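One structure below.
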Amino acid sequence: MYASREDIKYDFGDDSKVGSKPIKPNPNIDGGWAWMIVFSSFLVHILIMGSQMALGILNMEWLEEFNQSRGLTAWVSSLSMGITLIVGPFIGLFISMCGCRMTAIIGGILNALGWILSAYASNVHYLFLTFGVTAGIGSGMVYLPAVVMVGQYFQKRRALAQGLSTTGTGFGAFLMTALLKYLCTEFGWRNAMFIQGAISLNLCVCGALMRPLSPRYLSEKSVVRSNTEDNQAEALSHSTETIKSNGVLGDEPEKKEETTNEKVLESVQHTEIGGNSKGGRSMYGLRILKTVSQLTVTVRKGFALWYSSYFGAASLFTNRVFVAFIIWALFAYSSFVIPFIHLPEIVKQYNLSSQNNVFPLTSIIAIVHIFGKVILGIISDLPCISTWNVFLMANFTLVTCILTLPLMQTYVGLAVVCALIGFSSGYFSLMPVVTEDLVGTKHLANAYGIIICANGISALFGPPFAGWIYDITQKYDFSFYIAGLLYMVGIIFLLIQPCIQKKQPREKSTEEAQV
């Protein structure tokens, strides 16, 4: 599954030269600037995912300010979290056309604008537009590039790198909870959001750090992975071959399109050379024409790659395990989000506010979440351990905790369950790795965009659903039970599909033997 150092030293672009023409390995793969990418992604997770995990503080302020129902008010937080993830497939289109760096910088500006405009909210519906939609789209434009860039820069230590970068969610939840609580106490929630908007401008700096790898090293890295794949992920291998057997998605259309576009650019360049004697005005017009042509080429190529990944003959949706992965994502994320949004209210109902103020339960989840991501990442990188199995075990632990949480009535009991939720939810660091194993490096941006879109739908409806159940029953118990059962359905889908994929080749071989 992982390439050795020796593999990266050869040019896989020409089979005749493999092993005979050594080239210098890219020092930025698994080292060098790759660690700056991890640092950038770490900060992105602090500023985006960490802030969203701390929205329970603002949710209580909004309840007091606007006097709306818990179900309606929860839509503000869930819209922000949901849209951040739902826009993933469309952000994949932006990345195909503009690259990760430009997409992240634009997203940072949009996110900061959403926070600042929300400081002037006059009602909950105003927050739906400014905080939910505007800040949510901006967050999505930064989050996806941060994940994709780590996947591009790492080969042997992917799980560890993703684990380290995504620990920013835990650090962020801990830091932002304390920061927002302090700012709301000292300056009020409106000024707190304005200050947070100014802090969010640092996302533009994070985006500037996302220096793209050269296409040569990207393609070389993809070939290395495909040639060194072992039987460790046997449950996933058949589904991966489904896409690989079709070749690189959209290769032939891309080649034809490149040839056409090259001819267009060459004709513009020849016209520019021939028009040198016609004066500055014609030269200026030709430069504009050339720029427009190049922009058109970039947009068309990016859209073609994005479209072929979703709707082409070799669509990502032909991969059955990947489809099961999407179904799992539709139910999973809400189980993690609901405690963060509603735990402050649950603690208040149980009269545990004094203990919770000393050490908030959400902070326990956040801190243990950090260790969970790192430890699960290290375990998954061990040669004798299957990333897929670690991923499944963490999911089983988390769903058990979600179903158990309503049974705990004491602070100690809730703290233990929250600690287990924090550790087991460390599987988030493995999601990009599992996705990349399913579809390959080239389609990671689009595939992971689909996965986080499904997670976004889950986050969008989870907290309002829990608030709506509370408004009816005056209890949060049923919210956790229903969310846990739906989560279990998603896990069952993950278990069934690999078994089907492994069974199909055996059935075919039996039929061939009979013939």
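The values are calculated or read from the model by the stated rules, or taken from the named source; none is laboratory data. If you're wondering where the values come from, they're calculated on a predicted model, not measured in any experiment. Neighbour counts are summed over all protein chains in view; Cβ atoms, including those assigned to glycine, are modelled from backbone coordinates with ideal geometry. Accessible surface is based on the protein model in full, side chains and every heavy atom, while ligands, DNA and RNA are left aside. Shrake-Rupley method; radii C 1.70, N 1.55, O 1.52, S 1.80 Å.
Listed by position, the helices (runs of 4 or more DSSP H) inside segment 80-155 whose residues that are under 13 Å from the mean Cα position of the chain (by Cα) and in contact (Cβ under 8 Å) with a residue 60 or more places away in the chain number at least 3 are 88-118, 136-153.
Among the residues making up segment 27-45, those that are assigned to a helix (DSSP H, G or I) and either farther than 17 Å from ALA208 by Cα or open to solvent by less than 20 Å² (accessible area, probe 1.4 Å) (or both) are ALA34, ILE37, VAL38, SER40, SER41, VAL44, HIS45. Scanning segment 60-70 for residues that are open to solvent by 10 Å² or more (accessible area, probe 1.4 Å) and part of a helix (DSSP H, G or I) gives MET60, GLU61, LEU63, GLU64, GLU65, PHE66, ARG70. If only residues of segment 447-475 that are open to solvent by 10 Å² or more (accessible area, probe 1.4 Å) and among the aromatic types (Phe, Trp, Tyr) are counted, the one that is modelled with the lowest pLDDT is TYR470.
Only one entry in GLY422, GLY413, GLY449 is free of Cβ contacts under 8 Å to residues at least 12 places away in the same chain and of a type in the set (Gly, Ala, Ser), namely GLY413.
If I filter segment 386-401 for residues that are touching a residue at least 60 places away in the same chain (Cβ under 8 Å), open to solvent by 10 Å² or more (accessible area, probe 1.4 Å) and touching a Lys or Arg at 6+ places or on another chain (Cβ under 9 Å), do I get at least one hit? The answer is no, given that none of the residues of segment 386-401 is touching a residue at least 60 places away in the same chain (Cβ under 8 Å), open to solvent by 10 Å² or more (accessible area, probe 1.4 Å) and touching a Lys or Arg at 6+ places or on another chain (Cβ under 9 Å).
Being surrounded by 22 or more Cβ atoms within 10 Å (Cβ to Cβ) and modelled with pLDDT of 90 or more holds for only one residue in PHE174, PHE154, PHE131, and it is PHE131.
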